Amino acid sequence: MKRLLLGLMLASPSLLWAQGSQVNTQSQKAVGMSGAGSALFIDEASIFYSPGALSKMDHNAITVGASGVMYRSAFQERGSSDVHNTKFRITPPFAAFATFGPSNSWWKAGLGVYTPFGGSVDWGNEWPGRYELNHLQLRAIFIQPTLSFKITENFGIGGGFVYNFGQVDLSRSLPIAGNDGQPAQAQLTGVGTGMGFNVGVHYHLENEFAISLSYRSKVVTKLRDGDAEFTVPAAVAASFPNTTFDAELPLPASFNLGLAFPVGEKVDIAADATLIGYDIYKELVFDYKDNTPLLQDTRQEKNYENAFSGKVGINYQTTDNLALRAGAGYVYSPVRGPYVSPETPDNNRVMGSVGFTYDINDRWDITGAYVFQHLLERSVTSAATGLSGTYKTNIHAPGLSLTYKW
């Protein structure tokens, strides 16, 4: 049992990377429409959403923004009336985009630095799932140089290389008690890198209709020489040596279709549909430098499924200086019930959002947005540990961005 629980503990950091951790806050304009707008907004955030649209910009710009993602989850063990809540934490995914090139040219270059995967959750060490997780923090930072070309006045194509830098920090209790009765603990930290690409095309009819197609490749993040440290009683310390580990954490590919069209002189509707290739996540293998009878290399079955999300939003240009937005969306979970875990107790989710952009002057504008996500209640029994109960989860994410144009 100790060997099993230890293997599961060390295998867990990729769960948040590969399920509910996808962070879609790269553009606060899109956040205000629940993630829709890849075909509607032609701006510096097109580096991420639609590289083919980037060449249609008639100016250059720099945008810097961030969101405050507040993840709140509760767990009630089957047969118990006690409810255990995660501690309050704010995760600040950020995005910075810059474009370069002649005004009204047939090409545009850009650079994006953003965090499409990440999260933070802290259950503490007194809840029933403490042998699965105490706390977890992680972040995947993508760096994407991009080129975009305007083939005709209406059609653009573009793409960029992606370099990923990832960080992970987690802890779990171990089913071993010291002389003071407190459980032992394991701490796992590491950094990894990976590479991929992002390509897209954008087509529009003047003031009538626009369509965007984009593909973001999978990025396999390779962790090398991560640190595994154990705080255990002296009597068993030899079975839990501080050591290092190697692993590969797959971040899924996605294919996105965006549509946009006007429904009035000042009102536009946008819709986005995304297929996310989570089926690459079949298993997770961890290779530890030092093995003992209780610390062995692990191979954990995952068998995730592809997922789909649909979002729709409205953009209302109230005045020359102020645009207001609202949106809604639905996201299908890739995680089958037996594989749900406290890193992110994922399930299908609904979302709603509001947002605005205010043009301060010809050079500066500020954009704000708020999105709320409600994960449908889910009662599960873990195939790995047998932990059985019900998860309830909500996510709040307000954000701001500032843009300078020239």
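If I take R0 = 56 Å and measure r between the Cβ atoms of GLU206 and GLU126 in this structure, what FRET efficiency does the formula 1/(1 + (r/R0)^6) give, to the nearest 0.05? List each step's numbers first, then the result.
Working: r = 61 Å, r/R0 = 1.10.
Efficiency, from the Cβ-Cβ distance: 0.35.
Using the number of other C-beta atoms within 10 angstrom as an exposure proxy, rank MET33, MET57 with the fewest first. Display every interim value, and only then the final one.
Values: MET33 31, MET57 23.
Fewest-to-most Cβ neighbours within 10 Å comes out as MET57, MET33.
For ILE366 and TRP406 in the same chain, what is the full-extension length gain: residue separation times 0.36 nm, less their Cα-Cα distance, in nm? The partial results should precede the final answer.
Details: separation 40, 0.36 × 40 = 14.40 nm, distance 1.52 nm.
Computed gain between ILE366 and TRP406 is 12.9 nm.
Given H placed 1.01 Å from N in the peptide plane, which residues other than close sequence neighbours of PHE197 have an amide H under 5 Å from its amide H?
Under 5 Å from the amide H of PHE197: VAL162, SER217.
Taking 8 Å as the Cα distance limit and 6 or more residues as the minimum spacing, I'd like the relative contact order of the chain as a percentage. Walk me through the intermediate numbers first.
Values: 1278 pairs, mean separation 81.1, N = 406.
So the answer I get is 20 percent.
How far apart, in nm, are the 7 Å Cα→Cβ label points at GLU377 and ALA238?
Result for the modelled spin labels: 5.2 nm.
Only helical DSSP H runs with n ≥ 4 go in: add -39500 (n - 2.57) per run for the chain, normalise by residue count and round the 222 nm mean residue ellipticity to 500 deg cm²/dmol.
Values: 4 runs with 22 residues, N = 406.
So the helix-based figure for the chain works out to -1000 deg cm²/dmol.
Does anyone have the angle between helix 2-11 and the longest principal axis of the chain? Alpha-carbon axes, 0 to 90°, nearest 10?
Its long axis makes an angle of about 20 degrees.
Charges on Cβ only, +1 for Lys and Arg, -1 for Asp and Glu, centred on the Cα centroid of the chain; of VAL69, HIS84, ILE143, which one is farthest towards the dipole's positive end?
After comparing all options, I get HIS84.
Taking θ = phi - 60°, what integer Hz values does the Karplus form 6.51 cos²θ - 1.76 cosθ + 1.60 yield along the range 289-298, in sequence order, with x for Gly and Pro?
5, 10, 10, 9, x, 9, 10, 10, 4, 10
With a 10 Å Cβ neighbour count serving as the proxy for reagent exposure, in which order, fewest first, do GLU248, GLU265 appear? Walk me through the numbers before you get to the answer.
Numbers: GLU248 16, GLU265 7.
Fewest-to-most ranking of GLU248, GLU265: GLU265, GLU248.
Hey, fewest Cβ within 10 Å first, where do THR193, THR318 land in order?
Numbers: THR193 14, THR318 11.
With the fewest neighbours first, THR193, THR318 line up as THR318, THR193.
Between TYR163 and GLU283, what is 0.36 nm times their sequence separation minus the Cα-Cα distance? Round to one decimal in nm.
Values: separation 120, 0.36 × 120 = 43.20 nm, distance 2.34 nm.
40.9 nm is the gain from fully extending TYR163 to GLU283.
Give the Cα extents of the chain along the principal axes, in whole Å, largest first.
Projected onto its principal axes, the Cα set of the chain covers 73, 43, 34 Å.
No value in this document is a laboratory result; all are computed from the given coordinates. What you see is a predicted model; the values in this text were computed from it and never measured. Reconstructed Cβ throughout: ideal geometry from the backbone, glycine too, with neighbour counts over all protein chains shown.
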